[in-house]
Amino acid sequence: MIRPFKPPGRKAYASRCYRKGEIPLNSKPLLIRQARQLVTLKGSSDAPLRGKDMEALQIVEDGSVWIEEGIIRLADQDEAVLRQVGDRVREAEVIDATGCLVTPGLVDPHTHLVFAGSRENEFEMRLKGSTYMEIMNAGGGIHATTSATQKADRDQIFRESRKRLNQFVTHGVTTVEAKSGYGLTLEHELKQLEVAKELDRDHPVDVISTFMGAHAVPAAYKDRPDDFVDQVIEEMIPEVARRKIAEFNDVFCERGVFTPEQSRRILEAGRKHGLLPKIHADEIEPCGGAELAAELGAVSADHLLQASEEGIQRMAEKGVVAVLLPGTAFFLMAESADGRKMVDAGVPVALSTDCNPGSSPTVSLPLMMNLGCLKMGMTPAEVLTASTINAAHAIRRGHEIGSVEPGKKADLTIFDVSNYMSLQYRYGSHHVNTVIKNGQVVVRNGEPSPAVTSASY
Ligand SMILES: N=CN[C@@H](CCC(=O)O)C(=O)O
Ligand SMILES: [Zn+2]
C-alpha cells in the first residue's frame, strides 16, 4: 500500500528510535577497538589534501576510537585510549575491529540520487552503437528521466531514492550530495529538492542538496535556450534560495547543453543568492569548463574527462576540487579523466559515483576507488583520501566529516580487510562490515540496521 507523502516535520519519526542529530537518552558510549589499521587523515579539516599529501593517511596501528553523543572523543592506539577512558570502558558498547581496516565514513560528493524510473533500454542502445549525446538529443537521456520524475508523485520518488540510500550506506557511505535537475520546471525542481530534504531527515545518511535546474534544455526551449536560462536565473534560483532548500548550484556545461557563457550567468546568479557554484565540466568534449570553474572560484569542477592542461593548471592555482567520476567513463566506455595528472599538478582530487540512471547507475563508491587506481593511475592511499576528506571538502564539510579526529562526527566505516591497500587489491568485492553514522551502528555484519531499513513512511 502506498502511504501518502507527509511534509517534513510531522510524525515522520514515529517508527524511529531517534531523530537525525538526536542521540537516544540511554545511548551508551561506543568503543571501536584494536583496528589493524585506523586511517585517521588527521590535520586535514581546513583544506583538501593535494599532491604528495594525498598519500598521508596518518594511520594508527592497533587503533581504537571512543565515541560519545555521536562525536569522536578519542582516536589513538588502543592502549592510549583505554588509559584515558579508565573505568568508563565498562559503560561502552564495544566493537571488536581486530584484523580490520577502520576509515572515516565514505563521502560521495556528486550524485543524482533523487529521480524516478530507470534507463536500461538506453544501455542496450549504447551497446548497439548509439552515443549518450545522440540518445539525449533524440529526447531520451536526461529528458526521459525528467519526464518520469515529473510524472511521479513525491512518495514514489522518495521510496525509489531511499532504496538507493540504503544501498549507499551498505557500501560504507555516510554522506551523499544530491542534485536536482530532473524537474526542469520550478514546481518539479522544488519537488525533487523537498524529497532530498526529507530523505536527509528520515535516513541516517546525511543528504546535502544541490540545485541543478540547468541540467538540460527542455524540448520546448530547444530553439530559444536563453529563455530557459533566464527562467533558471529569474524564477528558479531566487525561489530555491528563499526556501533555503539547497546549498550549491550546478550546471551541465557542454556542447549542445549549456555554453560556458550561459553557465557563467547561471553560476554567478546563484552566487548572488548564496548558492555556491559547482560545474559539470568538460565531460564529453573540451569546452573550457575547467577554466570557467577556476575563474569563478567554484567549489568543485566535476567529470573533467576532457579538461585542458591550462584548465587543470588554473584549477590547481585556485584550489578548485576536481570531483572525478571513473564509473561514468567506465559505463560510457570512454577514456577516464587523468586523475594521475591532476594529483601531480596539485589539484585536490575527490572521487564520486555520479549515481544517476543514465551514465552511472551505481552506488558503489568502493568500486569507484578501484577504478581510480586501475583506470586513472591513482594510488590506494590517494583514492582513500579522495573518497573521504577531499570528498568532504568538495561539499564544504571538511570541518565536520572526512577524518577521524576528536570533535568530528562519529562517521566511520569498518572494512573486513587488514590494510588500506588490500581494499583496492581485492577489487570488486564487498568488504564493508560495519558502518557507524553519528555514533550509531547503522550497518552490522554487512547488514543494514532497522534505522536504515524501516522507512518512516
Ligand atoms: N552529465 C550530466 N549529468 C549526469 C547524467 C545524467 C543522466 O544521464 O541522467 C552526469 O553527471 O553524468
Ligand atoms: Zn552528474
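The values are calculated or read from the model by the stated rules, or taken from the named source; none is laboratory data. Just so we're clear, the structure is a prediction, and the values are computed from it rather than from any experiment. Here the Cβ positions follow ideal geometry from the backbone for every residue, glycine too, while neighbour counts run over all protein chains shown.
Descriptive notes on the structure:
- VAL81 passes every criterion in (1) within 30 Å of the chain's Cα centre (by Cα); (2) more than 30 Å from ASP250 (Cα to Cα) apart from (1).
- Scope the stretch 398-418; condition of a type outside the set (D, E, K, R) and surrounded by 18 or more Cβ atoms within 10 Å (Cβ to Cβ); matching residues: GLY398, ILE401, GLY402, SER403, VAL404, ALA410, LEU412, THR413, ILE414, PHE415, VAL417
- Residue-level check: of (1) over 16 Å from THR362 (Cβ atoms); (2) within 16 Å of ligand 2 (Cβ to nearest atom), LYS191 misses just (2).
- Filtered residues of the stretch 166-192 (kept if at negative phi and without any contact (Cβ under 8 Å) to a residue 60 or more places away in the chain): GLY183, THR185, LEU186, GLU187, HIS188, GLU189, LEU190, LYS191
- Which numbered condition MET368 misses (of (1) of a type outside the set (S, T, N, Q); (2) within 16 Å of ligand 2 (Cβ to nearest atom); (3) not in a helix (DSSP H, G or I)): (3)
- Failed item in (1) within 24 Å of the chain's Cα centre (by Cα); (2) more than 16 Å from ligand 2 (Cβ to nearest atom); (3) not hydroxyl-bearing (Ser, Thr, Tyr), with LYS179 passing the rest: (2)
- When we screen SER300, SER352 for residues that are surrounded by 24 or more Cβ atoms within 10 Å (Cβ to Cβ), within 12 Å of ligand 1 (Cβ to nearest atom) and assigned by TED's automatic domain parsing to the domain that holds GLU177, the only hit is SER352.
- Of GLY327, GLY270, all but one fail to be within 12 Å of ligand 1 (Cβ to nearest atom), touching a helix residue (DSSP H, G or I) at 6+ places or on another chain (Cβ under 6 Å) and part of a helix (DSSP H, G or I); the exception is GLY327.
- Every test in (1) in a strand (DSSP E or B); (2) aliphatic (A, V, I, L, M); (3) under 14 Å from the mean Cα position of the chain (by Cα) is passed by VAL114 save one, and that test is (1).
- ILE233 being away from ligand 1 (no atom under 16 Å from the Cβ), touching a residue at least 24 places away in the same chain (Cβ under 8 Å) and under 15 Å from LEU184 (Cβ atoms): yes
- ALA290 being in a helix (DSSP H, G or I), in contact with a strand residue (DSSP E or B) (Cβ under 9 Å, 6 or more places away or on another chain) and not polar (S, T, N, Q): yes
- As for the stretch 121-138, it holds no residue that is within 16 Å of ligand 2 (Cβ to nearest atom), assigned to a helix (DSSP H, G or I) and among the polar types (S, T, N, Q).
- Single unsatisfied condition, ASP76 versus (1) within 31 Å of the chain's Cα centre (by Cα); (2) loosely packed, with under 12 Cβ neighbours inside 10 Å: (2)
- From the options LEU367, LEU384, residue that is touching a helix residue (DSSP H, G or I) at 6+ places or on another chain (Cβ under 6 Å), modelled with pLDDT of 95 or more and assigned by TED's automatic domain parsing to the domain that holds GLU120: LEU384
- For the stretch 273-291, the tally of residues that are small (Gly, Ala, Ser), within 16 Å of ligand 2 (Cβ to nearest atom) and either in contact with a helix residue (DSSP H, G or I) (Cβ under 6 Å, 6 or more places away or on another chain) or within 22 Å of LYS191 (Cβ to Cβ) (or both) stands at 2.
- Residue match in the stretch 98-106 (condition: β-branched (Val, Ile, Thr), crowded, with 20+ Cβ neighbours inside 10 Å, within 16 Å of ligand 2 (Cβ to nearest atom) and over 26 Å from ALA219 (Cα atoms)): no
- Taken over the stretch 332-358, residues that are among the aliphatic types (A, V, I, L, M) and outside any loop (DSSP other than H, G, I, E, B) amount to 5.
- Considering the conditions (1) touching a residue at least 60 places away in the same chain (Cβ under 8 Å); (2) over 22 Å from ARG396 (Cα atoms); (3) within 11 Å of ligand 2 (Cβ to nearest atom), THR328 is excluded by exactly one of them, (1).
- From the options SER387, SER422, residue that is of a type in the set (S, T, N, Q) and either without any contact (Cβ under 8 Å) to a residue 40 or more places away in the chain or surrounded by fewer than 24 Cβ atoms within 10 Å (Cβ to Cβ) (or both): SER422
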